[in-house]
Amino acid sequence: MSPKTTNTSSSAPLLTMRNVHIKGLSDETWVDIINGVDLDLNRGEVLGLIGESGAGKSTLGLAAMGFCRDGCKITDGSIEFDGLDLLSQSRQQLRQLRGRRIAYVAQSAAASFNPAHRLIDQFCEAPLKHDVMARSEAETYATSLYERMNLPDPDEFGLRYPHEVSGGQLQRAMTAMALSCRPDLIIFDEPTTALDVTTQIEVLAAIRDIVKQFNTAAIYISHDLAVVAQMADTIKVLLKGDEVEQATTAKMLKSPKEDYTKSLWAVREYARAEQPLVTGQQPVIEITNVTAGYSPRQDILKDVSFAIHKRRTVAVVGESGSGKSTTARVITGLLEPRMGSVSFAGAPLPANYQDRTRDQLRHVQMIYQMADTALNPKLRIRDLIARPAAMYLGLSGRALEDRVRDLLRMIEMEPDQYIDRLPSELSGGQKQRIGIARAIAAEPGFIICDEVTSALDQLVAEGILKLLDRLQSELDLSYMFITHDLATVRAIADEVVVMKDGNVVEQGPKSEMFVPPHHAYTELLLGSVPEMDPKWLDRLLESRGADNIGDAAIARMK
Amino acid sequence: MKNLIIMIIKRLALGVLTLFLLSLLIFLSVEALPGDLAQEILGQQATPEAVAAIRRQLGLDLPPHIRYIEWLGGMVQGDFGTSLALKRPIIDLIAPRLQNTLFLTLYTACIAVPLAIILGMMASLFRNSYFDRISNATALSAISMPEFFVGYILIYFLALSGYFPSMANITPSTPLLEKLYACFLPALTLTLVVTAHMMRMTRAAIINILALPYIEMAHLKGIKPSRIIFRHALPNALAPIVNVVALNLAYLITGVVIVEIVFVFPGLGQLMVDGVRFRDVPVVQASSLVFASAYVGLNLLADIISTATNPRLMRQK
């Protein structure tokens, strides 16, 4: 390994940003993304960047590498990395820094690995191209890093293609790749956001171990405070391109100064009171011994049964692939079960939606995760909401217009202002509200909410949850809430159904589900949700053991 | 590897089925042509007896489905029948012509495919630069002109001044180097005709890939732009490129009759046109089927190459 040249004393900051302004091109005009942010980072220090979407976290993180995405430009300020002014470096000089001295770990490893090449080839590319190591040396180094990160079969692991390993493994492989040239600084851009909670832990543990071991400085970007609390020494909060405040992690968690920071902290405490259990009443939706799958050989759901009562919210929890969405497809009649049945208010629903009456269809509505793709971009809000109202309730003309306006008022959007807009003229939270209005326009008895808040920022998500809660009591609705986020469950559920590999492993009222003893899997799921305590990950690793987290822990359960 | 073999077998079966359907289509459309073949051969003054005799001799008195089965059975065994106009086995007519056409196709492909892909890659690398615009404009102008016009322009500039021959009337005994020299102008004409399509597709396919996160990742690893295009984008853009190349090669085999005429090139296209002109039904049927096989075969090859170069398809879990 070639020795690294350091031309400044180690006491000077590794990275200094002063008054950085970044603009981005949006609809042919330049808008501000970052308005004058300062940032200092010492060697071996981890800085957490917190903020909602649009705060400019990623843009700032990339600027630390002297990189701007297409349609962005750094208009003012200075960025100095180890004595080098990044903004005055040539493209070639910047290329020599990137990958070698500053590395990047992206949000989605699945999208950021090239699908055409083996992992080891992608690992070795930077060391070879930067003349840091020879191929054989780089391969040995890769194997040792894979081993450190608890990746299975480290000698053979690199021979696989990206699609052949799991999401958590891929994210660790990407962290290993970032380390391939032993950089001084790594930018972690939401590296665990796309992962399940149990998988998230193994990646967090691996990243933290590596950062400590190699004394690498890091910028850790996330919207999840609890995650950042585990990783960062200092936290900087950004809001729409401005710095809100910065403090050490412990101080920031205990006594945030600014109102905005306090409001971010407070979101996690929203919880509505559990509705009293109804007994002796016909459930609104009852799923009885449902077994279903997409191919005849494989069952995705295995003997699933649960019931949802009037005015109650049942949260269906589980990791990706556990069968939550498949359950929703069975209820809506999009997938015919192989065995078992679904009934609405005591009357069985035909298995195929095409055989259901209009009234049966009306009573089961859905709200989707991605409001962006669930709303027809060419239709105005008026038509989006009017369609179900006209189709199911036969409204037209004046009555229909009034109904649409009523619905908009119910979702707290001023009709005159929004009724003629297109979905593209709304924010993410507003689009989701339109999705809700469209669902209640049919006057249903039951709504399936499929990860409705997971694409939204915390404050916006909280608003959506409160709205759903209010609509439930006003309209006597029952909800099935599909989610992987246990904070959402805590906030809104009355009952919880935990699913794993197509089975219901545990179900019961929320008050019981969050209190031990649990089924082992529920325990793992609950225990894996990061807490707002910087020591949480340490304690967890200590109590469970470093090799008993994530996939390994789940495998042990079988 | 197993996936690939299964896929090849499946596609082969599908290809055979396609060819079968095409043979039916060819037979039926020739059948639907107006006029009587025997009458045509013997001319207006023929006696009804003579016409009946020749009909019997050619098997035209048999019902269509029997004739179809006999024709297809012959084709499958390599017996292409006999030309009515030239009274020779069709295989002897088609074989040298097909050889010539394949030679010209290969010759053109050797120039056009690398040229198109390299130009496409460079255009995507220097996107919106002068190089990009000029190469795009040139390629588009070339494709917008009729083939014969391009051919005559090349003859005007390169043949009249004596650099290259304007006639490409090669025979099977012509030595290779001489063949290459003689066919240079037709190959160049065809290159100008097909390059634009392949180049623009290469450019578009690569630019599509360049927006993906793994390309940004490569930039952030400090990889040079030229290597990003060649090593990170091109392998993932191969499927559309290979398909458009196959389409253009098939076009070169089947659609170059005008260029053949301009350069007096003895290719398959001319044979078929002559066949149509002389109502030489067996020749028309046989060459149609050869063209169909070329299309089906090249598309099959394109599918195999796109699969073989995609690890996600080759190594399914």
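Please treat every number below as a calculation from the coordinates, not as lab data. The structure displayed is predicted, hence computed values, not measured ones. With ideal geometry, Cβ positions are generated from the backbone for all residues, glycine too; neighbour counts draw on all protein chains shown.
Going from the fewest other Cβ atoms within 10 Å to the most, the residues B:289, A:525 appear in the order B:289, A:525. Only one residue of A:515, A:463, A:481 has its Cα farthest out toward the positive end of the dipole of region A:440-541, where Lys and Arg carry +1 and Asp and Glu -1 on Cβ, and that residue is A:515. Between the listed residues A:203, A:141, A:154, the Cα displaced farthest toward the positive end of the dipole of region A:135-258, a dipole computed from Cβ unit charges relative to the Cα centre, is found at A:203.
Summing +1 for each Lys or Arg and -1 for each Asp or Glu, what net charge is found among the other residues whose Cβ lies under 10 Å from the Cβ of residue A:162?
Here the charged neighbours net out to +2.
Relative contact order, whole percent, for region A:234-352 stands at 22, derived from Cα pairs under 8 Å and 6 or more residues apart.
In terms of its C-alpha gyration tensor, region A:189-243 has an oblate overall shape, because the principal axis ratio a/c (a ≥ b ≥ c, square roots of the eigenvalues) is not below 1.5 and a/b does not outweigh b/c.
Give me the percent of DSSP beta bridges within the protein assembly as shown that run antiparallel, rounded to the nearest 5.
Numbers: 45 of 82 bridges.
Within the protein assembly as shown, antiparallel bridges account for around 55 percent of the total.
Mean-square fluctuations from a GNM of chain B, with a 10 angstrom spring cutoff on Cα atoms, peak among B:208, B:169, B:248 at B:208.
Label zone of residue B:156 (point 7 Å out along Cα→Cβ, amide N under 20 Å): in region B:239-264 this covers B:258-264.
Once you have the Kirkwood Rh of the protein assembly as shown from its Cα pairs, apply Stokes-Einstein at 37 °C and 0.692 mPa s and quote D in µm²/s. Each step should come with its number before you reach the end.
Numbers: Rh = 32.7 Å.
My calculation gives 100 µm²/s for D.
Counting other C-beta atoms within 10 Å, and keeping those with at most 16, which DSSP coil trypsin sites (Lys or Arg not before Pro) do you find in region B:46-114? Walk me through the intermediate numbers first.
Details: sites: B:55, B:56, B:67, B:87, B:97; in loops: B:87.
Here the trypsin sites (Lys or Arg not before Pro) that fit, given the DSSP loop and packing criteria, are B:87.
Taking amide hydrogens as placed 1.01 Å from N in the peptide plane, the amide H of residue A:247 sits under 5 Å from those of A:235, each at least 5 positions away in sequence or on another chain.
With neighbours defined as other Cβ atoms within 10 Å of a residue's Cβ, the residues A:32, A:155 order from fewest to most as A:155, A:32. Within 10 Å of the Cβ of each residue in A:113-119, the mean number of Cβ atoms contributed by other protein chains is 6.
Determine the shape class of chain B: with a ≥ b ≥ c the square roots of the Cα gyration tensor eigenvalues, call it rounded for a/c under 1.5, and otherwise prolate if a/b is greater than b/c, oblate otherwise.
Working: a/c = 2.97, a/b = 1.63, b/c = 1.82.
The shape class here is oblate.
Going by alpha carbons, how many degrees (0 to 90, nearest 10) lie between the helix axis of A:167-178 and the longest principal axis of chain A? Computed tilt is about 20 degrees.
By the Cβ rule of 4.7 Å, the protein assembly as shown holds the following cysteines without a possible disulfide partner: A:124, A:181, A:449, B:110, B:183.
The modelled label-to-label distance for the pair residue A:69/residue B:62, using points 7 Å beyond Cα in the direction of Cβ, is 6.9 nm. Compared with the dominant principal axis of the Cα atoms in chain B, helix B:281-308 is inclined by about 20°.
Cross-link reach is defined here as a Cα-Cα straight distance under 16 Å, omitting same-chain residues fewer than 8 places apart; for residue A:212 the aspartates and glutamates meeting it are A:45, A:184, A:202, A:233, A:538. Residues whose amide H falls under 5 Å from that of residue A:339, counting only those 5 or more places apart or on a different chain, are A:291, with hydrogens built in the peptide plane. Taking θ as phi - 60° and the Karplus parameters 6.51, -1.76 and 1.60, the scalar couplings of region B:159-167 work out to 9, 5, 7, x, 6, 10, x, 8, 10 Hz in sequence order, x denoting glycine and proline. Residue exposure proxy: A:80, A:45, A:258, ordered by other Cβ atoms within 10 angstrom of their Cβ from fewest to most, comes out as A:258, A:80, A:45. Quick one: angle between helix A:428-441 and the longest Cα principal axis of chain A, in degrees between 0 and 90, rounded to 10, please. Taking Cα atoms only, the helix is inclined about 10 degrees.
With the cut-off at 1.5 for a/c, could you classify region A:490-542 from its C-alpha gyration tensor as rounded, prolate or oblate?
Values: a/c = 2.39, a/b = 1.60, b/c = 1.49.
Prolate, because a/c is 1.5 or more and a/b exceeds b/c.
Each Lys and Arg adds +1 at its Cβ and each Asp and Glu adds -1 at its Cβ; summed about the Cα centre, the protein assembly as shown shows a dipole of about 1240 debye. For residue A:214 and residue B:177, the FRET efficiency from 1/(1 + (r/R0)^6), where r spans their Cβ atoms and R0 equals 56 Å, is about 0.35. Karplus-derived 3J(HN,Hα) values for region A:214-223, using 6.51 cos²θ - 1.76 cosθ + 1.60 with θ = phi - 60°, are 9, 6, 7, 7, 8, 10, 10, 9, 7, 9 Hz; glycine and proline are entered as x.
Checking the table A:378/A:431; A:236/A:431; A:310/A:466; A:251/A:510; A:23/A:378; A:236/A:262 against a 21 Å threshold on Cα-Cα, which pairs fail?
Details: A:378/A:431 14 Å; A:236/A:431 29 Å; A:310/A:466 18 Å; A:251/A:510 32 Å; A:23/A:378 29 Å; A:236/A:262 14 Å.
In this structure, A:236/A:431; A:251/A:510; A:23/A:378 lie more than 21 Å apart at Cα.
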